[in-house]
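Below: one structure, written as structure tokens.
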Amino acid sequence: MDELLLLRSVYNRVELPVWVFDVDTSHIIWANKSALELWDAKQLTDLLDRDMSTDMSPAVKQRLNQYLADFKKNEVDFKEQWTLYPNGQPVTLNIRFSGIELAQGRYAILCEGYDVQEAKPDAIRGIDALLHTQLMISLHVAYGETLYMNPVARRTFGSPNTDLSDRFYDPNDYLKLMSDIKRTGDGTCISKVFTSTGEKWHEIIARSCHDPISGKPSVLVSATDVSELKAAEARAHQIAYTDALTKLPNRRSLTRIFERVVKQASQKGRLLSIQFLDLDEFKAINDTLGHKQGDKVLIEIAHRLRSMVKVDDEIVRLGGDEFLLFIQADEQSDAIRLSDEVLSNLSHPITLEDANIKITPSIGIAFYEKEGDTIDTLMQCADIAMYCAKSAGRNQHCVFKSDMKSRLDREHNLIKSVKHYPLSEQFRLYFQPRFNLKTKQIHSLEALIRWEHPMYGMLYPEDFIPLLEKSNLIDAVGSWVIEETIQQLCNWRQRSIFVSLSVNVSINQLHSEEFSKFILDNLEREQLPPESIELELTETSMFKNSPAAQRNIENLQAAGIKIAIDDFGTGYSNLARLTQMSVDCIKLDKSLIRSLPKNEKIVGKVIEICHAMSASVVAEGIETQEMAYLCEQLGCEELQGFFIAEALQPNDVEKFLSDVPHIL
């Protein structure tokens, strides 16, 4: 008899069901008589025609494919309890699965069934659940081989001939898990593991038990893939700790970065410097060109900074135009040399769509351990040093020195004074005359604030205005200045001194909804004509797009109050926009006037444009007769500066006005 026929005859006499399943086609390709009875088929052709994929779940299909892959690699077999559904009726039995090679190198599965119908329903359901669950369940000898893996675990980890420890990316995670099991009987962790498709994150729950077959102490492990959750956490962490605009680490990341660079610098024996960088006059870019252009400048600054620092260094955007650099260096001079390079690099013009922007930084430097060992202390020291750099003229760096702490104390005391003592007890108004070139008389004066501080003496605006702005106290002081100016006008009129006063207005005041009403109410209360006061606004406050500011200007001008642009020529002057605005007076900054006679033609053209706008021109910073003469020749209407008069106390103004000196 042919060997194949003999084999078939033998299998047909075997009482146990045996069949061959082709996974690729999802069809049974041979079965003995017992298998036909199991599958409720009258004859073999009926069974061979059945498409088993119709009622096959994805989990079962994946499991069978896993078997097939294992058979191709090794001569192995698997024994598991399965529930089959011939014609929809459940039949539970043990099945031994092994590989059988077909033609052209293809493989099928030889299935040998063992009837276990006497098994309890709960046991059957439990085993079936293990086959279909998405939990990766496996049983391991304690600190040893793998005894069992359900289909999902087999699909995830591949060959069962491995130890549990082989899964873990970090061996310490495995040791910690086993230590917990030994101590309490249970252990949990979220760990990076090796799988057949690469590294994944799994949440692992393990419990001590005994193998029901051998009785050996074992560990039952269930694992869930939490890679997507970890990726989402990583994205959330990225968003929380990264500046959305520049993609640099943000302020929240400071502590983490500080701890890392301190440890790194210590291990490598390097110095660590904290460099506080602030862009000079950056607010003017936002106010004149808009926040969109300002954002582009910040992005370019961040790009330039990244290109300059080493891999171990860090850059953090604190917010606005402030950055913090963590620089590791072998010597202090190396850290300072990098600051010089940063100053040079950032000072190169930035080309935007329709403008070339030149911006400069000021940098304060503090060194770890020398100035402190906490991030708060070092930032404070670097911040103080940065303000010293600004005070020294900007576009430079300054290394913190211990005596700079007195500046911090000074700022604290000044802020405390404003908050706790009446403004009228601290601040004074002085008045600087403006000389009219046509009448050779004084018709107007500018109100200038001074701070007579009991501890620090006479302070000028440049000494405290930036601090008031930073501390959100500028509005209160600004309102006091306007009220005091109007009161002084009233006092002089009662003494028959009829002059007008100009007063500086902050951006915050101009953009307050109630600002125009506040001024007009004060004038009405004192019964003063609106034309007796002139408000001086900066270019930046005029150019900043704000409906509230525009309404305030319109309301004030409609009432008769004059509007002047102060310090013209110091900001990002936009003559095209300037010609669209209604202003009564333009005050040329002293920096323009000091450029005379070298830039006489330029200053002359600026004055011509001002006159074309029907605005009068005041030249500020007149210090010599030559300056006064040139400004008169160029067409200025008024002069202001030390050559005319210094700022006077109210009691001295009347005397000065009674005998105006011969100027020109």
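Given axes a ≥ b ≥ c from the Cα gyration tensor, I'd like to know whether the range 425-658 is rounded (a/c under 1.5), prolate (a/b larger than b/c) or oblate. Note, shape of the range 425-658 comes out rounded. When we measure straight from the Cα of K292, which lysines land under 16 angstrom away, once same-chain ones fewer than 8 places off are left out? Those lysines meeting the cut-off are K283, K544.
Sorting I365, I109 by the number of Cβ atoms found within 10 Å of their own Cβ, with the fewest placed first, yields I109, I365.
Residue ranges 594-601, 14-21, 268-275 sort as 268-275, 14-21, 594-601 when ordered by packing (mean number of other C-beta atoms within 10 Å per residue, highest first). Restriction of the trypsin sites (Lys or Arg not before Pro) in the range 174-217 to DSSP coil positions whose beta-carbon has at most 16 other beta-carbons within 10 angstrom yields no sites. Between the Cα long axis of helix 515-526 and the first principal axis of the chain there is an angle of about 30°, rounded to the nearest 10.
For the range 584-664, the set of chymotrypsin sites (Phe, Trp or Tyr not before Pro) satisfying both a DSSP loop assignment and a count of at most 13 other C-beta atoms within 10 Å is given as F642. Placing +1 on the Cβ of every Lys and Arg and -1 on the Cβ of every Asp and Glu, with no other charges, gives the range 425-658 a dipole of roughly 460 debye about its Cα centre. Take the Cα of D49, step 7 Å toward its Cβ, do the same at R428, and the gap between the two points is 11.5 nm. For the peptides 603-609, 531-537, the ranking by mean Cβ contacts within 10 Å, running from highest to lowest, is 531-537, 603-609.
The label point for R551 and the one for T83, both projected 7 Å from the Cα toward the Cβ, are 7.3 nm apart. Note the listed values (i) 197; (ii) 373; (iii) 281, then indicate which one is volume of the Cα convex hull per residue in Å³ calculated from this particular structure. Here volume of the Cα convex hull per residue in Å³ agrees with entry (iii).
Entry note, the chain: relative contact order of 7 percent, from Cα contacts under 8 Å with a spacing of 6+ residues. Neighbour counts of C-beta atoms inside 10 Å place M542, M52 in the sequence M52, M542, starting with the fewest. Distance distribution P(r), the range 450-496, all Cα-Cα pairs, bin width 10 angstrom from 0: 23, 40, 27, 9, 0 percent.
Over the residues of the chain, the helix contribution to mean residue ellipticity at 222 nm works out to -13000 deg cm²/dmol, using -39500 (n - 2.57) for each DSSP H run of at least 4.
Summing Lys and Arg as +1 and Asp and Glu as -1 over all other residues whose Cβ lies under 11 Å from the Cβ of H237 gives a net charge of +3.
Among the trypsin sites (Lys or Arg not before Pro) in the range 285-354, those placed in a DSSP loop whose Cβ has at most 13 other Cβ atoms within 10 Å are K310.
Exposure proxy for V226, V481: other Cβ atoms within 10 Å of each Cβ, ordered fewest to most, give V226, V481. Take the Cβ atoms of D409 and E526, set R0 to 30 Å, and the FRET efficiency comes out at 0.15. Put a plus charge on the Cβ of each Lys and Arg, a minus charge on the Cβ of each Asp and Glu, and nothing anywhere else: the dipole of the chain about its Cα centre is then about 720 debye.
Measuring against 29 Å, Cα to Cα, the residue pairs K263/K401; K296/K587; K358/K405 contain K296/K587; K358/K405 as the ones spanning a longer distance. Each part reduced to its alpha carbon centroid, the range 37-114 and the range 629-664 end up 108 Å apart. Amide H contacts of H443 (H built 1.01 Å from N, in plane; Pro and chain starts excluded): R434, N436 sit under 5 Å, all sequence-distant by 5 or more or on other chains. Inter-label distance, C189 to K370: 4.4 nm, where each label sits 7 Å from its Cα along the C-beta direction.
For the pair S582 and Q487, a Förster radius of 25 Å applied to the C-beta separation gives a FRET efficiency near 0.30, rounded to the nearest 0.05.
Any read-out appearing in this document is the output of simple, stated calculations on the displayed coordinates, not a laboratory observation. Here the structure is a predicted model, which means the values were calculated and not measured. Virtual Cβ from ideal backbone geometry, glycine too; neighbours counted across all protein chains shown.
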